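**Q** Have a look at this one.
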Amino acid sequence: MKVTVDMDKCQHYGQCCFEAPDVFELDADGKLQYVADVAEERRADVESAADVCPMQAIVVE
Amino acid sequence: MTGIVIVGAGLGGLRTAESARAAGYQGPITIVGEESHLPYNRPPLSKEALSTGVAVDDLHFRRKPSVDDVTWHLGAPAIGSDLVARTVTLADGTVLSFQALVAATGIRPRRLPIDGPQAGCIVLRTADDALQLRERLIPGAQVVILGAGFIGCEVAATAIKLGCTVHVVAIDTEPMIRPLGAELGSAMRVRHEHHGVHFHLGRFVTGFVGDEQITRVTVDDGTELAADVVVEAVGSVANVEWLAGNGLDLSDGLLVDDAMAVIDAPCPMFAVGDIARHPNAWFPGPARRIEHWNMPTETGKRAGQSLAAVLSGAPMDTAAFAAMPSFWSDQYSHKLQSFGMPGLADHITVVAGSPDGPCIAEYRRDGQLVGVVGIDMTAELAPYRKQLMGQQ
């Protein structure tokens, strides 16, 4: 599964990190880092992360 | 019978439908909406979208493929219902039958009865409202905002950015005082004043002046403010009138149980989002409505699971509902973020930084942590969220 975050939209609120901490993380500077290639069995949590993004910046394919 | 009817085509309605599908419900779903738009994201309407121009196509939520077969009945609000006969009546005369009903009609802006002309006074809830407001926020425009809550403050920041003159009139003594408390509210006021916003706090508007169009606003201390546009942002009212006559308590949204099932409903009926007054295991006390953006998703997920169970004849999951309320706000370059229910606090302590810069405040009630708010400190909030969930 492919994960993309629109970094123009992302405001680094980090809500996604709570849903899928293995995929999304705020770094020491508070900037979002994420894994773009994610195992299919993580889909439910990654979709939850996309659902809770206040900026709706996360696309899961 | 037409399966599930969801009244309300916002975030809560969409998430409920997606959750029912994810939980195995394969029957028909109809979603009714007052607006002509498919579900879209509202928070940008006072911020990015208001500042750069409103294009509702850019604001639509991505809808999961599982709801591709949902019937959307848009542009006609529900005006009545008969929960015993299991029907909902829409403004265009349509009568929909259902096996299970979901109330997801949300809230609308509260209006104040103010004397004088009304043209030029705008509320902000829908994309169409935002379009109307955007047209008037031209450089040099004199903007008077009634209310110093989140929407009032966000519109103030956006209007300043667009080159307007901004006055905020509010009965509260500091902006956003109910969620933030006086110290952080005051700290945010200073930031707004630094950008040029004029506050009239502890004050109320006594009248609108003008011929057909409002040109001035009078304040109770005698001040007269020139106004090209007035934004009324003084709280909200739950959209529950369409449920009148069914014997339900509609005094404060709809009271639901842990499964989001409406108490005392004579049919399978659920409520989600802003109108659901629900219990929350992480925040004991009376059931509460929480008008934060993440709650339609949380309550919608649970309602969808309950619907799938009820309609397959299985028992509903009655486990305690627990959800973490969260809000965020962008004002100028500043980011506020919160977890929990800071508005419940009786004691507030700044525990990191200082209110005039990046900071975190703890909100406690009877000594227990009930909320946390950060200004320009986001990553540092995570441990507090865990504490609020009882995972210290």
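**Q** Kindly provide the set of residues from the stretch B:201-227 that are within 15 Å of B:Val168 (Cβ to Cβ) and open to solvent by 30 Å² or more (accessible area, probe 1.4 Å), ordered by number.
**A** Step one: list which residues in the stretch B:201-227 are within 15 Å of B:Val168 (Cβ to Cβ), which gives B:201-205, B:217, B:219-221, B:223, B:225-227.
Across the stretch B:201-227, the qualifying residues are B:Leu201, B:Gly202, B:Arg203, B:Phe204, B:Asp220, B:Asp221, B:Thr223, B:Ala226.
**Q** Out of the stretch B:38-59, which residues are open to solvent by 40 Å² or more (accessible area, probe 1.4 Å) and facing chain A (nearest Cβ under 9 Å)? First the steps, then the outcome.
**A** Initially, the stretch B:38-59 is screened for residues open to solvent by 40 Å² or more (accessible area, probe 1.4 Å), giving B:38, B:42, B:48, B:52, B:55, B:57-58.
If the condition is that a residue be open to solvent by 40 Å² or more (accessible area, probe 1.4 Å) and facing chain A (nearest Cβ under 9 Å), then B:Glu48 is the only one that fits.
**Q** Still on this structure: Which ranges mark the strands (runs of 3 or more DSSP E) fully within the stretch B:303-370 that have 1 or more residues being buried (at least 22 other Cβ atoms within 10 Å of the Cβ)? Reasoning before the result, please.
**A** Working: elements: B:326-331, B:334-340, B:347-353, B:359-365.
By residue number, B:326-331, B:334-340, B:359-365.
**Q** Same structure, new question: If you go through the stretch B:88-129, how many residues are part of a loop (DSSP other than H, G, I, E, B), touching a residue at least 40 places away in the same chain (Cβ under 8 Å) and of a type in the set (Asp, Glu)?
**A** 1
**Q** Can you name the residue in the stretch B:60-87 that is β-branched (Val, Ile, Thr) and in a loop (DSSP other than H, G, I, E, B) and, of all such residues, is surrounded by the most Cβ atoms within 10 Å (Cβ to Cβ)?
**A** Let us first name the residues in the stretch B:60-87 that are β-branched (Val, Ile, Thr), namely B:67, B:70-71, B:79, B:84, B:87.
With the extra rule that they be in a loop (DSSP other than H, G, I, E, B), the set shrinks to B:70, B:84.
Values: B:Val70: 20, B:Val84: 10.
So the residue we want is B:Val70.
**Q** If you don't mind, another one. Out of the stretch A:7-43, which residues are in a helix (DSSP H, G or I), within 8 Å of chain B (Cβ to nearest Cβ) and open to solvent by 40 Å² or more (accessible area, probe 1.4 Å)? Step through it out loud before you land on a result.
**A** Quick first cut of the stretch A:7-43, residues in a helix (DSSP H, G or I) only: A:15-19, A:40-43.
Now narrow it down to the ones that are within 8 Å of chain B (Cβ to nearest Cβ): A:15, A:17-18.
Scanning the stretch A:7-43 gives a single hit, A:Phe18.
**Q** Looking only at residues in the stretch B:131-163 that are in a loop (DSSP other than H, G, I, E, B) and free of Cβ contacts under 8 Å to residues at least 60 places away in the same chain, which one is farthest from B:Glu193 (Cα to Cα)? Reasoning before the result, please.
**A** Within the stretch B:131-163, the first condition is being in a loop (DSSP other than H, G, I, E, B), and the residues that meet it are B:137-141, B:147-149, B:162-163.
Filter again for free of Cβ contacts under 8 Å to residues at least 60 places away in the same chain, leaving B:138-140, B:148, B:163.
Numbers: B:Ile138: 20, B:Pro139: 18, B:Gly140: 17, B:Ala148: 13, B:Gly163: 15 Å.
Only one residue tops the list, namely B:Ile138.
**Q** Hey, B:Leu74 hits all of (1) within 13 Å of chain A (Cβ to nearest Cβ); (2) of a type outside the set (Lys, Arg); (3) over 22 Å from B:Val155 (Cα atoms) but one; which does it fall short on?
**A** If we test B:Leu74 against (1) within 13 Å of chain A (Cβ to nearest Cβ); (2) of a type outside the set (Lys, Arg); (3) over 22 Å from B:Val155 (Cα atoms), just (1) comes out false.
**Q** Let me ask something additional. Across the stretch B:272-302, what is the number of residues that are within 14 Å of chain A (Cβ to nearest Cβ), polar (S, T, N, Q) and not in a helix (DSSP H, G or I)?
**A** Qualifying residue count for the region: 1.
**Q** For B:Met316, all conditions in the list (1) in contact with a strand residue (DSSP E or B) (Cβ under 6 Å, 6 or more places away or on another chain); (2) more than 14 Å from every other protein chain (Cβ to nearest Cβ); (3) not hydroxyl-bearing (Ser, Thr, Tyr) hold save one; what is the number of the exception?
**A** B:Met316 satisfies every listed condition except (1).
**Q** Exactly one of these conditions fails for B:Asp57: (1) touching a Phe, Trp or Tyr at 6+ places or on another chain (Cβ under 7 Å); (2) part of a helix (DSSP H, G or I). Give me its number.
**A** (1)
Residue-by-condition table, conditions (1) hydrophobic (A, V, I, L, M, F, W, C); (2) within 22 Å of the chain's Cα centre (by Cα); (3) more than 15 Å from B:Val123 (Cα to Cα):
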residue: B:Val155; (1), (2), (3): yes, yes, no
residue: B:Val166; (1), (2), (3): yes, no, yes
residue: B:Glu183; (1), (2), (3): no, no, yes
residue: B:His194; (1), (2), (3): no, no, yes
residue: B:His200; (1), (2), (3): no, no, yes
residue: B:Gly210; (1), (2), (3): no, no, yes
residue: B:Val234; (1), (2), (3): yes, yes, no
residue: B:Asn246; (1), (2), (3): no, no, yes
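**Q** May I pose another question? Please work out which one of (1) more than 30 Å from A:Cys10 (Cβ to Cβ); (2) surrounded by 19 or more Cβ atoms within 10 Å (Cβ to Cβ); (3) aliphatic (A, V, I, L, M) is the condition B:Ala276 fails and give its number.
**A** Failed condition: (1).
**Q** Please enumerate the residues belonging to the stretch B:69-104 that are among the acidic types (Asp, Glu) and within 16 Å of B:Glu34 (Cβ to Cβ). Steps first, please.
**A** The first filter runs over the stretch B:69-104 and keeps only residues among the acidic types (Asp, Glu), leaving B:69, B:82, B:92.
Answer for the stretch B:69-104, where residues must be among the acidic types (Asp, Glu) and within 16 Å of B:Glu34 (Cβ to Cβ): just B:Asp92.
**Q** Among the residues of the stretch B:101-120, are any within 17 Å of B:Trp293 (Cβ to Cβ) and open to solvent by 40 Å² or more (accessible area, probe 1.4 Å)?
**A** Of all residues in the stretch B:101-120, those within 17 Å of B:Trp293 (Cβ to Cβ) come to B:104-109.
From the residues that got through so far, the ones that are open to solvent by 40 Å² or more (accessible area, probe 1.4 Å) too are B:108.
There is at least one residue in the stretch B:101-120 that is within 17 Å of B:Trp293 (Cβ to Cβ) and open to solvent by 40 Å² or more (accessible area, probe 1.4 Å).
**Q** Right, another one. List the number of the failed condition for A:Cys53; all other conditions in (1) open to solvent by 20 Å² or more (accessible area, probe 1.4 Å); (2) more than 9 Å from chain B (Cβ to nearest Cβ); (3) within 18 Å of B:Glu18 (Cβ to Cβ) hold.
**A** (1)
**Q** Does B:Pro65 meet the test of being within 13 Å of chain A (Cβ to nearest Cβ), over 19 Å from the mean Cα position of the chain (by Cα) and free of Cβ contacts under 8 Å to residues at least 24 places away in the same chain? Don't jump to the end; show me each part of the working.
**A** On the way: within 13 Å of chain A (Cβ to nearest Cβ): yes; over 19 Å from the mean Cα position of the chain (by Cα): yes; free of Cβ contacts under 8 Å to residues at least 24 places away in the same chain: yes.
So B:Pro65 fits the description; yes.
**Q** Note down all Cβ pairs under 7 Å where the first residue falls in the stretch B:372-392 and is closer than 11 Å to B:Gly340 by Cα and of a type in the set (Phe, Trp, Tyr), the second is open to solvent by 40 Å² or more (accessible area, probe 1.4 Å) and not in a strand (DSSP E or B), and they're at least six residues apart or on different chains.
**A** So the pair list comes out empty.
The values are calculated or read from the model by the stated rules, or taken from the named source; none is laboratory data. Computed from a prediction, not measured in an experiment: that's the story for all the values here. Every residue, glycine among them, receives a Cβ derived from its backbone with ideal geometry; neighbour counts consider all protein chains shown. The accessibility values were calculated without ligands, DNA or RNA, using every heavy atom of the protein model including side chains. Shrake-Rupley method; radii C 1.70, N 1.55, O 1.52, S 1.80 Å.
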